[in-house]
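Inspection log for the structure reproduced underneath, given as structure tokens.
Derivation of every value follows stated rules applied to the coordinates shown; laboratory data play no part. Not measured: the values here are computed from a predicted model. Cβ atoms come from the backbone with ideal geometry, glycine included; neighbour counts cover every protein chain shown.
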Amino acid sequence: MLRRPQRASKLHQRVMNTNSLTQAPWHQTTVEPLEYHRKFLKENCRPDGRELGEFRTTTLNIGSITTADGSALVKLGNTTIICGIKGELAAPPADAPDKGYIVPNVDLPPLCSSRFRPGPPGEQAQAASQFIADVIENSEMLQREDLCIEKGKLSWVLYCDIICLDYDGNILDACIIALLASMKNVQLPEVHVNEQTGLAEVNMKKKRHLNIVKHPVAASFAVFDNSILIVDPTSDEENLSTGFITVVIDEEEKLCTVHKPGGTPLSNEKLQDCINRAITRNKEVCKLLNKVMKSMKAK
Amino acid sequence: MPVDTKRLRGPEESQSPWLFVEQEQQSPPDEREDGRRKGQVDVRPIFARCGLVSQAKGSAYIESGKTKVICSVYGPRETERKDETDMKFGRLVCTFRFAPFSCAKRCGWIQSTQEKDLSMALLGSLHPGLCLHRYPRSQIDVSVLVLENDGSALAHAVTCASLALADAGIEMYDLVLGCSLRQEGSDYLLDPTFAEETQEPATESTENRGGMMVALLPSLNQVSGLLCSGDLEQQPLVEAVAACIEGCQRIYSVAQRCLLTAVKKKNPPPDG
Amino acid sequence: MVCLPLDAGAHKFRHMADRRLREFGCEQNLLSRPDGSASFVQGDTTVVVGIYGPAEVKVSKESYDRATLEVILKPKVGLPGVAERSREQFIRETCEAALLTALHPRTSIVLILQVIHDDGSLLSCCLNSACMAAMDAGLNMRCLFCGVTCAIDLDGNIILDPTAKQEKESRAVLTFAIDSVERQVMMSSTKGAFTTAEFHQSIAICQKAAESIFQFYRDSVGRRYSKS
């Protein structure tokens with residue numbers, strides 16, 4: 001399930017061609033990391049050989065967790081995110097008797113990076129959970145009415161548990177892909193409410209997929225030195241940057257979220273650049289998603 | 001119960017759909033579902049890899065049947081708790097977690113007592129294998145996450161954690177390998193699946209029924225951890241321990257090969 | 001001391017799709033214990049902020065090159081949850097970009113925001129009050145900032161500074177923080193789906209509205225220091 005993308009040789013070669021900077025002594029990368037990164041950015045490339053607008057290799061593995069109703073593992077370079085969705089039954093919310101629940105939570109366990117401590121989720125994990133919840137709500141990727149089984153009596157609760165296994169920056173993008181892929185993978189059993197007993201009857205043999213109507217995809221950028229925008233920052237780049245922006249867009253080019261929690265101010269032109277990159281990113285990810293889904297069906 | 005304000009909450013109460021499925025009562029079959037035989041040292045094939053978590057000092061991932069376990073090791077680093085009186089030895093801290101979606105029934109985010117017990121068992125099993133006196137005043141963190149639990153989670157967690165510790169370059173006396181077993185009357189099931197671990201017994205009697213987990217230092221041939229539950233007589237107990245030790249030895253070669261690959265990858269041979 | 005914009009009365013009667021801010025006002029230095037404080041009123045939305053610092057910092061939170069900023073947002077009722085934590089992140093990162101934290105390394109600055117009443121545009125009100133409180137505390141800043149919220153209703157009209165009712169009825173709600181130097185977007189938080197054109201239109205409207213808030217900042221500071 002967890003394999004490394006084999007692309008290192010190509011990247012390495014490119015770095016070697018662009019500059020001899022890769023041979024920078026270790027003290028430069030650890031003592032003056034900002035200077036180290038600046039040298040690369042001056043040449044319009046990054047320490048790992050990417051261009052400024054280039055994402056890391058994205059790999060997707062869908063449905064590997066059989067105990068979940070839907071699951072996906074996403075790798076964005078080193079960053080690894082796993083999402084598992086489990087459906088449970090509950091009474092619908094009192095204020096919306098014809099709807100179900102979607103409960104996303106992001107966990108950044110101490111397993112994924114030394115920056116996180118054990119215990120309840122910190123600010124970053126909580127903000128990420130809220131971000132995912134907002135994207136689900138804003139994009140309307142799934143009609144919450146679809147999750148209702150019997151109005152006012154019974155509906156589905158989708159617990160979307162997202163865990164970071166390896167934190168190397170840009171978890172939001174990876175989380176959204178993992179969520180979307182596992183949502184597409186979810187199969188819920190058929191449920192009826194028995195009219196006489198009022199109890200639920202579950203038919204595990206008959207299962208159906210969710211109707212995912214929109215495909216929101218995120219593109220994150222880091223701002224370097226108050227001016228340079230780089231896409232898909234690694235953890236090192238995140239630490240050195242002065243601002244972040246995440247643009248979530250669906251396939252109809254509607255913006256679902258423009259998430260910029262402070263940091264360096266950006267001009268309208270820069271914002272438009274981000275949106276344009278997010279549009280192409282959406283196409284890239286949807287293509288990958290379709291390819292993986294197709295290869296799964298072929299099996 | 002205090003409310004968890006640090007996570008998004010769903011409805012107050014929700015039930016797994018499995019509760020509403022009519023469970024057919026059936027006696028356990030004579031053969032094991034995956035074709036393995038009862039009473040034989042028959043472990044599921046293991047897939048193991050080291051060094052998948054880029055941020056960790058060392059890490060390992062194990063897949064055995066459908067059971068999937070990932071572990072990463074951080075440290076040795078400065079201990080957080082300075083009140084410890086004995087600073088001559090390093091401190092080993094183990095965290096064992098189930099991912100919420102890893103079991104048939106969803107488990108919550110807050111660490112349960114079962115997870116705490118398993119963390120302690122993991123710590124106990126790993127501790128004798130480590131040269132902690134080499135790391136005074138420091139702390140080594142081992143965190144294990146079970147991504148999918150299809151039985152024998154603790155045994156695989158022990159193996160996975162010791163691989164991760166070795167990958168991190170922590171000095172050890174030996175690897176620690178884990179193997180578990182389920183005793184059903186006169187038969188035993190080695191490396192049981194989740195269904196075998198939890199299945200209803202065929203007979204009412206509670207005699208000779210239980211679970212066991214053995215952690216072994218394979219080249220020293222010493223047992224570093226033994227966890228036993230249920231009701232076992234002396235003879236089956238001794239046989240069960242022997243079977244578990246045999247089971248551990250079976251996975252030793254896989255573990256060795258996994259470490260060898262990881263070392264070769266980190267330090268490629270000079271001629272490329 | 002209480003400051004109100006000069007033409008405050010004119011804002012009282014607002015048309016539905018009005019592109020003006022609600023009546024707003026601010027009181028600085030209203031709390032005696034904190035190092036700086038302010039309350040900001042936007043229509044019926046009210047937030048009180050207290051700032052402590054630069055003060056001693058916990059070792060675990062210490063950073064060697066700048067002050068550590070902590071933001072705590074207390075809701076009107078109940079315990080703070082995930083939504084509050086997300087807002088705290090927005091406010092903290094905006095303040096971090098505006099405050100010259102590098103001047104006070106190894107210290108902590110704590111911002112505590114108490115929501116008195118929420119009638120829409122809460123995040124922008126929080127940002128405005130935080131900026132006023134930072135001014136009151138005399139913290140060195142790179143630039144000032146202000147928060148402006150706008151809502152896009154079902155017909156595509158853009159409503160500035162919506163009330164809670166208007167927010168609920170609208171298709172999208174966008175909040176921006178605008179900086180006082182370049183008038184660019186420092187922070188952006190959005191709810192609902194919208195087109196790129198609507199996004200840019202909203203920014204333009206909010207940037208224009210920000211002018212009146214910055215003027216208000218200037219007037220209130222001017223008035224405060226001309227008296228003493």
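What the table shows:
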item	result
Separation of alpha-carbon centers, region C:141-155 and region B:170-233, rounded to whole Å	62 Å
Selection from A:ALA298, A:PRO33, A:ILE249 lying farthest towards where the dipole of chain A points positive, charges on Cβ	A:ALA298
Inter-part distance where region A:132-191 and region C:172-228 are each reduced to a Cα centre, Å	34 Å
Longest DSSP-loop-exposure-free segment, GluC sites (Glu not before Pro), chain C, at most 16 other Cβ within 10 Å	C:63-181
Shielding by partners, peptide B:72-79 (average Cβ within 10 angstrom, other chains)	2
Cα-centre dipole for region B:35-266 with unit charges at Cβ (Lys and Arg positive, Asp and Glu negative), debye to 20	1200 debye
Under 5 Å, built H, 5+ apart or other chain: amide partners of C:GLY120	C:ALA164
Placed amide H near B:LEU226: partners under 5 Å, 5+ positions off or other chain	B:ALA215
Estimated dipole of chain C in Debye, rounded to 20 [Cβ of Lys and Arg +1, of Asp and Glu -1, Cα centre]	240 debye
In region A:245-299, the GluC sites (Glu not before Pro) that fall in loop regions by DSSP, at most 13 other Cβ within 10 Å	A:GLU252, A:GLU253
Furthest towards positive pole of dipole, A:GLY53, A:ALA96, A:SER64, structure part region A:43-102, Cβ charges	A:SER64
Mean separation of Cα contacts under 8 Å (6+ apart) over length of chain B, as relative contact order %	20 percent
Binned Cα-Cα distance frequencies in region B:124-170 - 10 Å width, integer %	22, 53, 20, 4
FRET efficiency, C:ARG19 to B:THR5 (Cβ-Cβ, R0 30 Å, nearest 0.05)	0.20
Pairs beyond 32 Å (Cα-Cα), from A:LYS42/C:LYS58; A:LYS254/C:LYS168; A:LYS39/A:LYS260; A:LYS99/A:LYS297; A:LYS42/C:LYS191	A:LYS42/C:LYS58; A:LYS42/C:LYS191
Shielding by other protein chains, A:62-73, mean Cβ within 10 Å	4
Candidates B:GLY210, B:GLY39, B:GLY108, ranked by Gaussian network fluctuation over chain B, Cα under 10 Å, top entry	B:GLY108
³J(HN,Hα), Karplus 6.51/-1.76/1.60, whole Hz, each residue of region A:145-155, x for Gly, Pro	5, 4, 8, 7, 9, 9, 4, x, 10, 9, 8
Sequence-distant residues sharing a close amide H with B:LEU130 (under 5 Å, placed H)	B:TYR173
In region C:42-78, the trypsin sites (Lys or Arg not before Pro) that fall in loop regions by DSSP, at most 12 other Cβ within 10 Å	C:LYS58, C:LYS76
Karplus (6.51, -1.76, 1.60) ³J(HN,Hα), θ = phi - 60°, over region B:46-59, in Hz, Gly and Pro reported as x	10, 10, 10, 9, 10, x, 8, 8, 5, 7, 8, 5, x, 8
Value of [θ]222 nm, deg cm²/dmol, for chain C, DSSP H segments ≥ 4, -39500 (n - 2.57) each, nearest 500	-10500 deg cm²/dmol
Region C:32-44 - phi-based ³J(HN,Hα) in whole Hz, Karplus 6.51/-1.76/1.60, Gly and Pro as x	8, 6, x, 6, x, 8, 7, 10, 10, 10, 10, x, 9
Neighbour-count ranking [beta-carbon atoms within 10 angstrom, fewest first] of B:VAL144, C:VAL221, C:VAL115, B:VAL158	C:VAL221, C:VAL115, B:VAL144, B:VAL158
Cysteines in chain A that, by Cβ-Cβ distance, have no pairing candidate under 4.7 Å	A:CYS45, A:CYS83, A:CYS148, A:CYS160, A:CYS175, A:CYS256, A:CYS274, A:CYS286
